[in-house]
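Q: What follows is a structure written as structure tokens; I'll ask about it next.
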Amino acid sequence: MMKMLLGRSLCLLLLLSCLSELVESRTLILNTCSVSVHTHELRTYYTKIRSDVIETDSEIAVKLLDKSMIKQVQDGQKCCFLRLVLRFYVERVFSNYASSQPQQQRCSSALANSFVSIRREMNKCHCQCGEDTQRKIDSVHAEFIKLEINLAAQKAVAELDTVLEWLEGL
């Protein structure tokens, strides 16, 4: 009887620890502002669509979000850069991205909703944008509009891994 109770208790503890990972959020400190981000949730949703979006990305020669560009974002510009990246994804990418598979569409919608939530929380932040940061985002937009809108959205979703890695490293 004691072993059975101990076994059930252990299973319950393991289940609770798994669930806590799903709802755990990180607080990002961006200049004078802090924002809660559920990076694990973002990663989970993206992982479910990643192979499909990468497989269907036909614009291999085009790069929207280069890792080196993101790594060069200065500390004082991270708030601004995140705000502009969220705006780009919410207004231009997710609004034009569509998957033919319902499960994929649900995951991309969940990602979009998460980005909207982070963006809403960032409304309290007073980010100062420097010229260099604005230029970086302008170059992303310039590459985006060179492509047909659906292909551009597909490309941007395929490169979302770069944004998530950056967020996880903040």
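The values are calculated or read from the model by the stated rules, or taken from the named source; none is laboratory data. Source: prediction; values computed, not measured. Every residue, glycine as well, gets a Cβ built from its backbone with ideal geometry; the counts of neighbours run over all protein chains shown.
Q: Go through (1) in a helix (DSSP H, G or I); (2) small (Gly, Ala, Ser); (3) touching a residue at least 12 places away in the same chain (Cβ under 8 Å); (4) surrounded by fewer than 14 Cβ atoms within 10 Å (Cβ to Cβ) and name the single condition Ala98 misses.
A: Answer for Ala98: the failing condition is (1).
Q: I'd like the residue in region 47-69 that is hydroxyl-bearing (Ser, Thr, Tyr) and either assigned to a loop (DSSP other than H, G, I, E, B) or touching a Pro at 6+ places or on another chain (Cβ under 7 Å) (or both) and, out of all such residues, is nearest to Val35 (Cα to Cα).
A: The residue in question is Thr56.
Q: Same structure, new question: Polar (S, T, N, Q) and without any contact (Cβ under 8 Å) to a residue 60 or more places away in the chain - does that describe any residue in region 58-66? Walk me through it before giving the result.
A: To start, the set of residues in region 58-66 that are polar (S, T, N, Q) comprises 58.
Remaining after also requiring without any contact (Cβ under 8 Å) to a residue 60 or more places away in the chain: none.
No - not one qualifying residue is present in region 58-66.
Q: When the residues of region 17-42 are narrowed to those that are crowded, with 17+ Cβ neighbours inside 10 Å and either small (Gly, Ala, Ser) or modelled with pLDDT of 90 or more (or both), which ends up farthest from Leu86 (Cα to Cα)? If you could, list the steps in order and put the result at the bottom.
A: Restricting attention to region 17-42, the residues satisfying the condition of being crowded, with 17+ Cβ neighbours inside 10 Å are 28, 30, 33, 35, 37-39, 41-42.
Those left that are additionally either small (Gly, Ala, Ser) or modelled with pLDDT of 90 or more (or both): 35, 37-39, 41-42.
On the way: Val35: 13, Val37: 12, His38: 14, Thr39: 14, Glu41: 16, Leu42: 13 Å.
Filtering first and then ranking leaves Glu41.
Q: Still on this model: Out of Ile54, Ile49, report the one residue that is modelled with pLDDT of 90 or more, more than 19 Å from Leu170 (Cβ to Cβ) and surrounded by 13 or more Cβ atoms within 10 Å (Cβ to Cβ).
A: Ile49
Q: Within region 134-156, can one find any residue that is under 25 Å from Thr27 (Cβ atoms) and in contact with a Cys (Cβ under 9 Å, 6 or more places away or on another chain)? Quick ask: steps written out before the conclusion?
A: We begin by selecting, within region 134-156, every residue under 25 Å from Thr27 (Cβ atoms); these are 136-137.
Imposing the further condition that a residue be in contact with a Cys (Cβ under 9 Å, 6 or more places away or on another chain) reduces the set to 137.
Checked against the condition, which is being under 25 Å from Thr27 (Cβ atoms) and in contact with a Cys (Cβ under 9 Å, 6 or more places away or on another chain), region 134-156 yields at least one hit.
Q: Further, regarding this structure: Among the numbered conditions (1) small (Gly, Ala, Ser); (2) surrounded by 15 or more Cβ atoms within 10 Å (Cβ to Cβ); (3) in a helix (DSSP H, G or I), tell me where Ser109 comes up short.
A: (2)
Q: Then there's this: Between a first residue in region 143-161 that is over 10 Å from Leu64 (Cβ atoms) and a second residue that is surrounded by fewer than 17 Cβ atoms within 10 Å (Cβ to Cβ) and of a type in the set (Ser, Thr, Tyr), which pairs have beta carbons less than 9 Å apart while being 6 or more apart in sequence or on different chains?
A: If the second residue must be surrounded by fewer than 17 Cβ atoms within 10 Å (Cβ to Cβ) and of a type in the set (Ser, Thr, Tyr), the pairs left are Leu151/Ser58; Ala153/Ser95; Gln154/Thr56; Gln154/Ser58.
Q: I would also like to ask the following. So Glu59 passes all but one of these: (1) under 22 Å from Leu151 (Cα atoms); (2) crowded, with 18+ Cβ neighbours inside 10 Å. Which condition number does it fail?
A: Glu59 satisfies all of (1) under 22 Å from Leu151 (Cα atoms); (2) crowded, with 18+ Cβ neighbours inside 10 Å except (2).
Q: Continuing with this model, one more query. What pairs come up if the first residue lies in region 23-51 and is at positive phi, the second is surrounded by 14 or more Cβ atoms within 10 Å (Cβ to Cβ), and their beta carbons are under 6 Å apart, counting only those six or more places apart or on different chains?
A: If the second residue must be surrounded by 14 or more Cβ atoms within 10 Å (Cβ to Cβ), the pairs left are Asn31/Cys79.
Q: Hey, does region 70-79 have a residue that's in contact with an Asp or Glu (Cβ under 6 Å, 6 or more places away or on another chain) and in a helix (DSSP H, G or I)?
A: Checked region 70-79: no residue is in contact with an Asp or Glu (Cβ under 6 Å, 6 or more places away or on another chain) and in a helix (DSSP H, G or I).
Q: Related question: Among the residues of region 113-140 satisfying the criterion of being surrounded by 18 or more Cβ atoms within 10 Å (Cβ to Cβ) and without any contact (Cβ under 8 Å) to a residue 60 or more places away in the chain, which is nearest to Arg83 (Cα to Cα)?
A: Per the stated criteria, the residue is Arg119.
Q: Go through (1) modelled with pLDDT of 95 or more; (2) touching a helix residue (DSSP H, G or I) at 6+ places or on another chain (Cβ under 6 Å) one by one and return the number of the condition Lys67 breaks.
A: Checking Lys67 against (1) modelled with pLDDT of 95 or more; (2) touching a helix residue (DSSP H, G or I) at 6+ places or on another chain (Cβ under 6 Å), the one that fails is (1).
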